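The next block holds one structure in the form of C-alpha coordinates; read it before the comments.
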Amino acid sequence: MYPSMKNDLILRAARGETVERPPVWIMRQAGRYLPEYHRVRSKQGFFEMCQTPETSCELTLQPINRFDGLLDAAIIFSDILVIPQALGMQVVMLEQKGPHFPEPLATPEDLEKLEKVPNIPAKLGYVMDAISLTRENLDGRVPLLGFSGAPWTIVAYMIEGGGSKTFTKAKSWLFRYPEASHRLLNMVTEATIVYLTQQVYAGAQMLQIFDSWAGELSPKDFFEFSYPYLVRICEGVKKELSKSKRAVPMIVFPKGAWYALDKLCDSGYDVIGLDWTVDPKEAVRIRGDRRVTFQGNLDPNILYGGREIIEARTKEMIEGFNGGKQGYIINLGHGVTPGVNPDDVRFFLEQCHKYGSQK
(Lines give C-alpha, C1' and ligand atoms only; values in the text may rest on other atoms or scores of the structure.)
Protein backbone atom coordinates (compact mmCIF):
# COMPACT_ATOMS: atom_id res chain seq x y z
CA MET A 1 0.00 0.00 0.00
CA TYR A 2 1.25 3.45 -0.92
CA PRO A 3 0.85 6.50 1.37
CA SER A 4 -2.58 8.14 1.16
CA MET A 5 -2.93 11.18 -1.09
CA LYS A 6 -2.62 14.63 0.44
CA ASN A 7 -3.26 16.40 -2.90
CA ASP A 8 -5.41 14.72 -5.54
CA LEU A 9 -6.39 17.95 -7.31
CA ILE A 10 -5.10 16.91 -10.74
CA LEU A 11 -6.89 13.56 -10.59
CA ARG A 12 -10.18 15.29 -9.85
CA ALA A 13 -9.65 17.87 -12.59
CA ALA A 14 -8.81 15.13 -15.10
CA ARG A 15 -12.07 13.40 -14.25
CA GLY A 16 -13.98 16.58 -15.01
CA GLU A 17 -14.89 17.43 -11.43
CA THR A 18 -15.24 21.02 -10.24
CA VAL A 19 -12.12 21.97 -8.28
CA GLU A 20 -11.11 24.81 -5.98
CA ARG A 21 -8.36 25.90 -8.41
CA PRO A 22 -6.91 24.44 -11.63
CA PRO A 23 -3.96 22.13 -10.90
CA VAL A 24 -0.58 22.88 -12.45
CA TRP A 25 2.47 20.92 -13.53
CA ILE A 26 4.93 21.55 -16.37
CA MET A 27 6.28 19.26 -19.04
CA ARG A 28 10.01 18.53 -18.54
CA GLN A 29 9.72 19.93 -15.02
CA ALA A 30 12.39 17.41 -13.98
CA GLY A 31 15.45 18.19 -16.04
CA ARG A 32 17.89 20.48 -17.72
CA TYR A 33 16.86 23.91 -16.39
CA LEU A 34 17.59 22.84 -12.79
CA PRO A 35 21.14 23.16 -11.39
CA GLU A 36 20.51 20.16 -9.13
CA TYR A 37 19.81 18.08 -12.23
CA HIS A 38 23.18 19.02 -13.72
CA ARG A 39 24.97 18.00 -10.53
CA VAL A 40 23.58 14.49 -10.97
CA ARG A 41 24.06 14.52 -14.75
CA SER A 42 27.77 15.30 -14.36
CA LYS A 43 28.24 11.89 -12.76
CA GLN A 44 26.01 9.70 -14.96
CA GLY A 45 25.10 9.30 -18.63
CA PHE A 46 21.54 10.19 -19.63
CA PHE A 47 20.22 6.68 -20.20
CA GLU A 48 22.20 5.47 -17.18
CA MET A 49 20.14 7.92 -15.11
CA CYS A 50 16.94 6.59 -16.68
CA GLN A 51 17.98 3.01 -15.98
CA THR A 52 18.91 3.62 -12.33
CA PRO A 53 15.67 3.70 -10.28
CA GLU A 54 17.25 5.61 -7.40
CA THR A 55 18.52 8.33 -9.76
CA SER A 56 15.23 8.52 -11.67
CA CYS A 57 13.43 8.90 -8.35
CA GLU A 58 15.81 11.64 -7.20
CA LEU A 59 15.39 13.61 -10.43
CA THR A 60 11.61 13.22 -10.38
CA LEU A 61 11.47 14.65 -6.86
CA GLN A 62 13.82 17.59 -7.52
CA PRO A 63 11.15 20.01 -8.81
CA ILE A 64 8.61 18.78 -6.25
CA ASN A 65 11.07 19.65 -3.48
CA ARG A 66 12.29 22.91 -5.02
CA PHE A 67 8.76 24.20 -5.72
CA ASP A 68 7.20 22.70 -2.61
CA GLY A 69 3.45 23.23 -2.57
CA LEU A 70 3.35 24.81 -6.04
CA LEU A 71 3.23 21.72 -8.29
CA ASP A 72 0.26 19.36 -8.33
CA ALA A 73 1.90 16.39 -10.06
CA ALA A 74 5.23 14.66 -10.52
CA ILE A 75 6.19 12.95 -13.77
CA ILE A 76 8.64 10.08 -13.71
CA PHE A 77 12.09 10.90 -15.08
CA SER A 78 12.56 8.72 -18.15
CA ASP A 79 12.54 9.07 -21.93
CA ILE A 80 10.15 8.17 -24.75
CA LEU A 81 12.94 6.34 -26.62
CA VAL A 82 13.09 3.43 -24.18
CA ILE A 83 10.52 1.73 -26.45
CA PRO A 84 12.90 1.54 -29.46
CA GLN A 85 15.52 0.22 -27.04
CA ALA A 86 13.08 -2.48 -25.93
CA LEU A 87 12.51 -3.35 -29.59
CA GLY A 88 16.24 -3.95 -29.98
CA MET A 89 17.55 -0.64 -31.33
CA GLN A 90 20.54 1.20 -29.94
CA VAL A 91 19.91 4.79 -28.84
CA VAL A 92 22.52 7.13 -27.39
CA MET A 93 22.15 10.67 -26.07
CA LEU A 94 24.69 13.08 -27.56
CA GLU A 95 25.66 16.20 -25.62
CA GLN A 96 24.13 19.37 -27.12
CA LYS A 97 22.58 17.32 -29.94
CA GLY A 98 20.02 14.98 -28.41
CA PRO A 99 19.11 11.37 -29.21
CA HIS A 100 21.02 9.45 -31.88
CA PHE A 101 20.36 6.04 -33.46
CA PRO A 102 23.63 4.65 -34.87
CA GLU A 103 21.65 2.27 -37.09
CA PRO A 104 18.24 3.78 -37.97
CA LEU A 105 15.69 1.90 -40.03
CA ALA A 106 16.58 2.44 -43.70
CA THR A 107 14.26 0.05 -45.57
CA PRO A 108 11.30 -2.19 -44.70
CA GLU A 109 13.70 -5.14 -44.59
CA ASP A 110 15.17 -3.60 -41.44
CA LEU A 111 11.96 -4.44 -39.59
CA GLU A 112 13.22 -8.01 -39.42
CA LYS A 113 15.95 -6.83 -37.04
CA LEU A 114 13.39 -5.70 -34.47
CA GLU A 115 12.04 -7.78 -31.63
CA LYS A 116 8.38 -8.05 -32.64
CA VAL A 117 6.93 -8.77 -29.18
CA PRO A 118 9.45 -7.57 -26.60
CA ASN A 119 9.20 -8.64 -22.96
CA ILE A 120 8.39 -5.16 -21.65
CA PRO A 121 8.40 -6.03 -17.92
CA ALA A 122 11.87 -7.54 -18.32
CA LYS A 123 13.35 -5.00 -20.74
CA LEU A 124 11.92 -1.88 -19.10
CA GLY A 125 11.56 -3.14 -15.55
CA TYR A 126 13.83 -0.34 -14.36
CA VAL A 127 11.10 2.19 -15.26
CA MET A 128 8.57 0.28 -13.20
CA ASP A 129 11.03 0.03 -10.30
CA ALA A 130 11.60 3.80 -10.52
CA ILE A 131 7.84 4.45 -10.47
CA SER A 132 7.30 2.26 -7.40
CA LEU A 133 10.22 3.84 -5.55
CA THR A 134 9.12 7.36 -6.46
CA ARG A 135 5.50 6.75 -5.50
CA GLU A 136 6.71 5.62 -2.08
CA ASN A 137 9.04 8.60 -1.67
CA LEU A 138 6.43 11.12 -2.79
CA ASP A 139 4.55 10.19 0.39
CA GLY A 140 1.22 11.23 -1.16
CA ARG A 141 2.29 14.85 -1.70
CA VAL A 142 1.14 14.81 -5.35
CA PRO A 143 0.11 12.13 -7.87
CA LEU A 144 2.73 10.51 -10.10
CA LEU A 145 2.44 10.50 -13.89
CA GLY A 146 3.83 7.84 -16.17
CA PHE A 147 4.24 8.44 -19.90
CA SER A 148 5.21 7.16 -23.32
CA GLY A 149 5.80 8.53 -26.78
CA ALA A 150 3.08 8.21 -29.43
CA PRO A 151 3.72 5.64 -32.18
CA TRP A 152 4.21 8.19 -34.98
CA THR A 153 6.69 10.21 -32.92
CA ILE A 154 8.62 7.08 -31.90
CA VAL A 155 8.68 5.77 -35.47
CA ALA A 156 9.91 9.14 -36.76
CA TYR A 157 12.95 8.87 -34.47
CA MET A 158 13.57 5.24 -35.42
CA ILE A 159 13.73 6.12 -39.13
CA GLU A 160 15.35 9.57 -38.98
CA GLY A 161 17.98 8.40 -36.51
CA GLY A 162 17.36 11.42 -34.28
CA GLY A 163 15.56 14.74 -34.34
CA SER A 164 14.92 16.53 -37.65
CA LYS A 165 13.74 19.80 -39.13
CA THR A 166 12.20 18.24 -42.24
CA PHE A 167 11.47 14.59 -41.33
CA THR A 168 12.23 13.70 -44.92
CA LYS A 169 13.25 10.11 -44.18
CA ALA A 170 10.35 9.32 -41.84
CA LYS A 171 7.69 10.88 -44.04
CA SER A 172 9.17 9.25 -47.14
CA TRP A 173 8.53 5.92 -45.42
CA LEU A 174 4.87 6.80 -44.96
CA PHE A 175 4.50 7.65 -48.63
CA ARG A 176 6.79 5.00 -50.16
CA TYR A 177 6.11 2.11 -47.79
CA PRO A 178 2.65 2.62 -46.27
CA GLU A 179 2.19 -1.09 -45.51
CA ALA A 180 5.56 -1.37 -43.76
CA SER A 181 4.86 1.90 -41.95
CA HIS A 182 1.63 0.50 -40.54
CA ARG A 183 3.42 -2.71 -39.52
CA LEU A 184 5.97 -0.66 -37.61
CA LEU A 185 3.33 1.59 -36.05
CA ASN A 186 1.41 -1.53 -34.97
CA MET A 187 4.53 -2.97 -33.38
CA VAL A 188 5.19 0.21 -31.40
CA THR A 189 1.51 0.50 -30.44
CA GLU A 190 1.33 -3.00 -28.98
CA ALA A 191 4.55 -2.50 -27.00
CA THR A 192 3.28 0.86 -25.74
CA ILE A 193 -0.01 -0.58 -24.47
CA VAL A 194 1.88 -3.14 -22.40
CA TYR A 195 4.39 -0.52 -21.23
CA LEU A 196 1.73 1.93 -20.04
CA THR A 197 -0.34 -0.70 -18.23
CA GLN A 198 2.81 -1.92 -16.47
CA GLN A 199 3.49 1.64 -15.33
CA VAL A 200 0.07 1.78 -13.69
CA TYR A 201 0.60 -1.60 -12.03
CA ALA A 202 3.87 -0.16 -10.66
CA GLY A 203 2.11 2.88 -9.18
CA ALA A 204 1.56 5.54 -11.86
CA GLN A 205 -1.69 7.43 -11.21
CA MET A 206 -2.02 9.19 -14.58
CA LEU A 207 -0.55 8.60 -18.02
CA GLN A 208 0.49 11.02 -20.78
CA ILE A 209 1.20 10.11 -24.41
CA PHE A 210 3.53 12.58 -26.14
CA ASP A 211 2.96 12.95 -29.89
CA SER A 212 5.67 15.57 -30.20
CA TRP A 213 5.84 15.41 -34.00
CA ALA A 214 2.09 15.26 -34.71
CA GLY A 215 2.23 18.71 -36.29
CA GLU A 216 4.70 17.48 -38.91
CA LEU A 217 1.85 15.56 -40.55
CA SER A 218 -0.88 16.96 -42.77
CA PRO A 219 -4.42 16.37 -41.49
CA LYS A 220 -4.84 13.51 -44.00
CA ASP A 221 -1.62 11.83 -42.86
CA PHE A 222 -2.29 12.46 -39.16
CA PHE A 223 -5.64 10.70 -39.42
CA GLU A 224 -4.02 7.76 -41.22
CA PHE A 225 -0.68 7.35 -39.45
CA SER A 226 -1.17 8.81 -35.96
CA TYR A 227 -4.74 9.24 -34.75
CA PRO A 228 -5.87 5.58 -35.10
CA TYR A 229 -2.88 4.42 -33.06
CA LEU A 230 -3.50 7.02 -30.37
CA VAL A 231 -7.07 5.77 -30.08
CA ARG A 232 -5.92 2.14 -29.95
CA ILE A 233 -3.51 2.90 -27.12
CA CYS A 234 -6.25 4.61 -25.12
CA GLU A 235 -8.71 1.78 -25.71
CA GLY A 236 -6.12 -0.93 -25.13
CA VAL A 237 -4.79 0.50 -21.87
CA LYS A 238 -8.26 1.22 -20.48
CA LYS A 239 -9.49 -2.24 -21.41
CA GLU A 240 -6.52 -3.93 -19.74
CA LEU A 241 -6.73 -1.79 -16.61
CA SER A 242 -10.47 -2.38 -16.28
CA LYS A 243 -9.73 -6.05 -15.60
CA SER A 244 -8.09 -5.11 -12.32
CA LYS A 245 -10.21 -2.00 -11.71
CA ARG A 246 -7.18 0.29 -11.86
CA ALA A 247 -8.48 2.92 -14.27
CA VAL A 248 -6.37 6.10 -14.39
CA PRO A 249 -6.87 9.34 -16.33
CA MET A 250 -5.09 9.43 -19.69
CA ILE A 251 -3.67 12.53 -21.40
CA VAL A 252 -2.81 12.84 -25.08
CA PHE A 253 -0.52 15.66 -26.23
CA PRO A 254 -0.49 15.90 -30.06
CA LYS A 255 1.73 18.95 -30.50
CA GLY A 256 0.83 21.00 -33.57
CA ALA A 257 -2.30 19.01 -34.47
CA TRP A 258 -4.69 21.90 -33.78
CA TYR A 259 -6.75 20.83 -36.79
CA ALA A 260 -7.65 17.56 -35.06
CA LEU A 261 -9.04 19.03 -31.83
CA ASP A 262 -12.69 18.23 -32.54
CA LYS A 263 -11.95 14.55 -33.26
CA LEU A 264 -9.53 14.35 -30.34
CA CYS A 265 -12.41 15.34 -28.04
CA ASP A 266 -14.04 12.05 -29.10
CA SER A 267 -10.86 9.94 -28.92
CA GLY A 268 -11.50 8.49 -25.47
CA TYR A 269 -8.74 10.41 -23.69
CA ASP A 270 -9.71 12.16 -20.48
CA VAL A 271 -7.34 15.08 -21.07
CA ILE A 272 -6.08 16.74 -24.26
CA GLY A 273 -2.82 18.69 -24.05
CA LEU A 274 -2.79 21.89 -26.11
CA ASP A 275 0.25 23.72 -27.45
CA TRP A 276 0.50 27.51 -27.62
CA THR A 277 -0.85 27.73 -31.19
CA VAL A 278 -4.35 26.97 -29.90
CA ASP A 279 -6.51 29.81 -28.58
CA PRO A 280 -8.06 28.76 -25.24
CA LYS A 281 -11.45 30.29 -25.97
CA GLU A 282 -11.59 28.60 -29.39
CA ALA A 283 -10.62 25.26 -27.81
CA VAL A 284 -13.42 25.65 -25.26
CA ARG A 285 -15.87 26.47 -28.07
CA ILE A 286 -14.86 23.38 -30.06
CA ARG A 287 -15.15 21.14 -27.01
CA GLY A 288 -18.69 22.27 -26.29
CA ASP A 289 -20.36 20.21 -23.58
CA ARG A 290 -18.16 17.14 -24.03
CA ARG A 291 -16.58 15.99 -20.78
CA VAL A 292 -12.95 16.45 -21.75
CA THR A 293 -10.33 18.31 -19.75
CA PHE A 294 -7.81 20.57 -21.50
CA GLN A 295 -4.19 20.96 -20.45
CA GLY A 296 -1.81 23.76 -21.39
CA ASN A 297 -0.86 25.98 -23.04
CA LEU A 298 1.53 28.83 -22.22
CA ASP A 299 4.37 29.31 -24.73
CA PRO A 300 7.49 28.15 -22.78
CA ASN A 301 9.45 31.08 -24.23
CA ILE A 302 7.25 33.52 -22.33
CA LEU A 303 9.27 32.41 -19.30
CA TYR A 304 12.18 34.37 -20.82
CA GLY A 305 10.11 37.52 -21.19
CA GLY A 306 10.17 38.93 -17.67
CA ARG A 307 7.77 38.90 -14.73
CA GLU A 308 5.26 41.37 -16.16
CA ILE A 309 4.43 39.35 -19.28
CA ILE A 310 4.58 36.03 -17.39
CA GLU A 311 1.89 37.30 -15.03
CA ALA A 312 -0.22 38.92 -17.76
CA ARG A 313 -0.19 35.90 -20.08
CA THR A 314 -0.82 33.44 -17.25
CA LYS A 315 -3.86 35.43 -16.13
CA GLU A 316 -5.10 35.70 -19.72
CA MET A 317 -4.67 31.94 -20.28
CA ILE A 318 -6.58 30.95 -17.15
CA GLU A 319 -9.39 33.36 -18.03
CA GLY A 320 -9.50 31.87 -21.54
CA PHE A 321 -10.26 28.49 -19.99
CA ASN A 322 -13.16 30.05 -18.05
CA GLY A 323 -11.14 30.40 -14.86
CA GLY A 324 -10.12 26.77 -14.89
CA LYS A 325 -12.35 25.50 -12.08
CA GLN A 326 -13.62 22.68 -14.29
CA GLY A 327 -12.08 20.86 -17.23
CA TYR A 328 -8.64 22.47 -17.04
CA ILE A 329 -5.06 21.64 -15.99
CA ILE A 330 -2.47 24.42 -16.22
CA ASN A 331 0.72 23.56 -18.11
CA LEU A 332 3.07 24.95 -20.71
CA GLY A 333 2.40 24.43 -24.40
CA HIS A 334 5.52 22.21 -24.56
CA GLY A 335 8.41 21.34 -22.26
CA VAL A 336 10.28 23.94 -20.22
CA THR A 337 13.53 24.76 -22.05
CA PRO A 338 17.05 24.38 -20.60
CA GLY A 339 17.91 28.08 -20.30
CA VAL A 340 14.92 29.14 -18.22
CA ASN A 341 15.69 30.58 -14.79
CA PRO A 342 14.13 28.36 -12.09
CA ASP A 343 13.11 31.52 -10.22
CA ASP A 344 10.98 32.51 -13.21
CA VAL A 345 9.39 29.07 -13.17
CA ARG A 346 8.58 29.64 -9.49
CA PHE A 347 7.03 33.01 -10.35
CA PHE A 348 4.92 31.39 -13.08
CA LEU A 349 3.69 28.72 -10.66
CA GLU A 350 2.84 31.38 -8.07
CA GLN A 351 0.75 33.25 -10.68
CA CYS A 352 -1.05 30.01 -11.52
CA HIS A 353 -2.08 29.71 -7.89
CA LYS A 354 -2.94 33.40 -7.61
CA TYR A 355 -5.20 33.62 -10.65
CA GLY A 356 -6.44 30.04 -10.48
CA SER A 357 -7.78 30.65 -6.97
CA GLN A 358 -9.81 33.73 -7.88
CA LYS A 359 -13.61 33.50 -7.92
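Each of Leu94 and Glu311 was given a label point 7 Å from its Cα along the Cα-to-Cβ line. The distance between the two points is 4.4 nm. Estimated at the nearest 10 Å², the accessible area of Glu240 is 60 Å² with a 1.4 Å probe.
Using the Cβ of Asn65 as centre and a radius below 10 Å, the other residues enclosed give a net charge of -1, where K and R count +1 and D and E count -1.
Residues whose amide H comes within less than 5 Å of that of Gly162, counting only those at least five positions distant or on another chain, are Phe101 (H built at 1.01 Å from N in the peptide plane).
In this label model, Asp110 and Asp68 are separated by 4.9 nm, measuring between points 7 Å along each Cα→Cβ vector.
Whole-Hz Karplus values for region 233-247 come out as 5, 4, 5, x, 5, 5, 5, 5, 5, 5, 5, 10, 6, 10, 4 Hz, taken residue by residue from phi with 6.51 cos²θ - 1.76 cosθ + 1.60 and θ = phi - 60°; glycine and proline positions read x. Exceedance of the 29 Å cut-off in Cα-Cα distance is limited, within the set Lys43/Lys238; Lys43/Lys123; Lys165/Lys220; Lys171/Lys263; Lys6/Lys238, to Lys43/Lys238. Site pair Ser172 and His38 shows an inter-label distance of 3.8 nm when each label is modelled 7 Å from Cα along Cα→Cβ. Considering only Gly268, Ile309, Leu230, the residue lying farthest towards the positive end of the dipole of the chain is Gly268, judged by Cα position with unit charges set on Cβ.
The residues of region 8-274 expose on average 39 square angstrom of accessible surface per residue, using a 1.4 Å probe on protein heavy atoms.
Backbone geometry of region 184-200 corresponds, through the Karplus equation with coefficients 6.51, -1.76 and 1.60 at θ = phi - 60°, to 3J(HN,Hα) couplings of 5, 4, 4, 4, 5, 4, 4, 5, 5, 4, 5, 4, 5, 5, 5, 5, 5 Hz, x marking Gly and Pro.
DSSP assigns beta bridges within the chain; of those with both partners inside it, close to 15 percent run antiparallel. Placing +1 on the Cβ of every Lys and Arg and -1 on the Cβ of every Asp and Glu, with no other charges, gives the chain a dipole of roughly 540 debye about its Cα centre. Average 1/r across all pairs of distinct alpha carbons in region 97-244, invert it, and you get the Kirkwood radius: 16.4 Å. Per-residue Karplus couplings for region 97-106, computed as 6.51 cos²θ - 1.76 cosθ + 1.60 with θ equal to phi - 60°, are listed in order as 10, x, x, 9, 9, x, 10, x, 6, 9 Hz, Gly and Pro entered as x. Measuring nothing but protein heavy atoms, the accessible surface of the chain at 1.4 Å probe radius is 50 percent carbon and sulfur. Determine the distance separating the Cα centre of region 57-74 from the Cα centre of region 252-313; give it in Å without decimals. Between the Cα centre of region 57-74 and that of region 252-313, the gap is 23 Å. The aspartates and glutamates whose alpha-carbon is closer than 17 Å to the alpha-carbon of Lys359, local same-chain residues fewer than 8 away aside, are Glu17, Glu20, Glu316, Glu319, Glu350.
The values are calculated or read from the model by the stated rules, or taken from the named source; none is laboratory data. Just so we're clear, the structure is a prediction, and the values are computed from it rather than from any experiment. Positions of Cβ are generated from backbone atoms using ideal geometry, with glycine treated the same way; all protein chains shown enter the neighbour counts. Each accessible area value is taken on the protein alone, full model and side chains, heavy atoms only, with ligands, DNA and RNA left out. Shrake-Rupley method; radii C 1.70, N 1.55, O 1.52, S 1.80 Å.
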